[in-house]
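Colleague: Please find one structure pasted underneath; my questions will follow.
The values are calculated or read from the model by the stated rules, or taken from the named source; none is laboratory data. Predicted model, so just to flag it, every value in this text is computed and none were measured. FYI the Cβ positions are ideal-geometry reconstructions off the backbone, even for glycines, and counts take in every protein chain you see.
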Amino acid sequence: MQRIFSGIQPSGIPQLGNYLGAIRNWVNLQADHECVFCLVDMHAITVWQDPEKLRTQTLTQAAILLAAGIDAEKHILFNQSAVSAHARLAWIFNCVTRLGWLNRMTQFKDKAGKDRENHSAGLYVYPSLMAADILAYKATRVPVGEDQKQHLELANDIAQKFNHDYGVEFFPAVEALIPPAAARVMSLRDGTKKMSKSDPSAQSRIELTDDADTIALKIRRAKTDTGVLPADAAGLADRPEARNLVTIYAALADLSVDAVLARHEGEGFGPFKQALTDVVVSAIAPIAQETTRLMQDEAHLASVLRSGAQRAQAIAEPIVSEAEKIVGFLK
Ligand code: AQP
């Protein structure tokens, strides 16, 4: 059985893009993989996080993932900082990674923008910590949204260079599992920008804890154009907002974009947004309700994460100890 590793930053409430790009896949992959799911709090602090909020968001995210269908007994769910192997391997990888490789990372460029000098060194080396997250478990498959594809290619470069420099076949190749539909959900306010849990505008995203009224309002306010829905996907070219809404509908209803358009061809956005609201509410509402129930017992959530961390540690410790021996650390 192949081992999966995947993570999510507790930097806010997970949004629909996190769900369609990652979480929904995680749930499905549990049937035939050994899964390690991680709340990557060390990644989260690469940009400022209020400490109290980070603690609360970590527990809330644990509740959301359980509510979405993650089985923390059969698989592993924990927070990254609880397993020191991540930081230890990340340091080794920082010394393997070339600056030129990091300079090419588009996520750093997007997040840092023009104000590069004022961002943390952590944000810059984020991809080598991500490589460490995966390879500390020798995981071979990583379900992610499309925005993480470049980081996974880098993880492979790092693993190969480590193996080559030290003359070993120690770290395996990793494969990105990117969903065929809705791999990049866009902001509801700007169809050229990805939906993000830390976007300053809450109207730009649907959060997995939003209630039906909030979802309806956000979709009603979503930016669109003045056209009607076309007959097929070709008619959505150069209409990023329209394409985004149809793509979300298709992914949640398990239909192709063309099948959605065949149903709604010629409709204006008013009725389509109503239909989309129904589809989104029926996917999200059960997760939101179960999250509220699970949040009543924070001590239980903390113990789920503690037990996950112990099991994660048991896998990662021997692998990272061996990597430390390979580089010549005295043990
Ligand atoms: N808009 C998206 N569409 C599809 N997939 C997405 N993912 C994120 N946004 C979208 C996928 O969700 C997983 C977890 O993401 P993350 O929390 O590790 O970091 P991120 O990619 O930076 O997500 P956000 O929501 O944009 O977080 P912030 O605002 O904190 O930076 C990943 O698999 C990601 O691909």
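Colleague: Tell me, yes or no, whether segment 28-35 has at least one residue that is at pLDDT 95 or above, more than 11 Å from the ligand (Cβ to nearest atom), closer than 19 Å to residue 306 by Cα and not assigned by TED's automatic domain parsing to the domain that holds residue 219.
Modeller: Checked against the condition, which is being at pLDDT 95 or above, more than 11 Å from the ligand (Cβ to nearest atom), closer than 19 Å to residue 306 by Cα and not assigned by TED's automatic domain parsing to the domain that holds residue 219, segment 28-35 yields at least one hit.
Colleague: Looking at 7, 17, 12, which is the one that is surrounded by fewer than 23 Cβ atoms within 10 Å (Cβ to Cβ), in the same structural domain as residue 125 (by TED's automatic domain parsing), near the ligand (Cβ under 10 Å from one of its atoms) and under 18 Å from residue 147 (Cβ atoms)?
Modeller: Exactly one of 7, 17, 12 is surrounded by fewer than 23 Cβ atoms within 10 Å (Cβ to Cβ), in the same structural domain as residue 125 (by TED's automatic domain parsing), near the ligand (Cβ under 10 Å from one of its atoms) and under 18 Å from residue 147 (Cβ atoms), namely 12.
Colleague: Can you give me the number of residues within segment 149-170 that are buried (at least 21 other Cβ atoms within 10 Å of the Cβ) and free of Cβ contacts under 8 Å to residues at least 40 places away in the same chain?
Modeller: Summing the residues that are buried (at least 21 other Cβ atoms within 10 Å of the Cβ) and free of Cβ contacts under 8 Å to residues at least 40 places away in the same chain in segment 149-170 gives 2.
Colleague: Of all the residues that make up segment 290-322, how many are more than 26 Å from residue 87 (Cβ to Cβ) and among the β-branched types (Val, Ile, Thr)?
Modeller: 2
Colleague: Kindly list, by first and then second residue, each pair from a residue in segment 1-30 that is without any contact (Cβ under 8 Å) to a residue 60 or more places away in the chain to a residue that is part of a helix (DSSP H, G or I) and within 6 Å of the ligand (Cβ to nearest atom), limited to pairs with Cβ atoms under 7 Å and residues at least 6 apart or on different chains.
Modeller: 8/18; 8/22
Colleague: Among 328, 268, which is the only one that is over 26 Å from the mean Cα position of the chain (by Cα) and on the phi > 0 side of the Ramachandran plot?
Modeller: 328
Colleague: When you check residue 210 against the structure, is it among the charged types (D, E, K, R) and under 24 Å from residue 286 (Cβ atoms), yes or no?
Modeller: Against the criterion (among the charged types (D, E, K, R) and under 24 Å from residue 286 (Cβ atoms)), residue 210 qualifies.
Colleague: I need a count of the residues in segment 294-316 that are surrounded by fewer than 16 Cβ atoms within 10 Å (Cβ to Cβ), in contact (Cβ under 8 Å) with a residue 60 or more places away in the chain and farther than 16 Å from residue 38 by Cα.
Modeller: Qualifying residue count for the region: 1.
Colleague: Just checking, how many residues over segment 19-72 are polar (S, T, N, Q), over 13 Å from the mean Cα position of the chain (by Cα) and over 22 Å from residue 181 (Cα atoms)?
Modeller: 6
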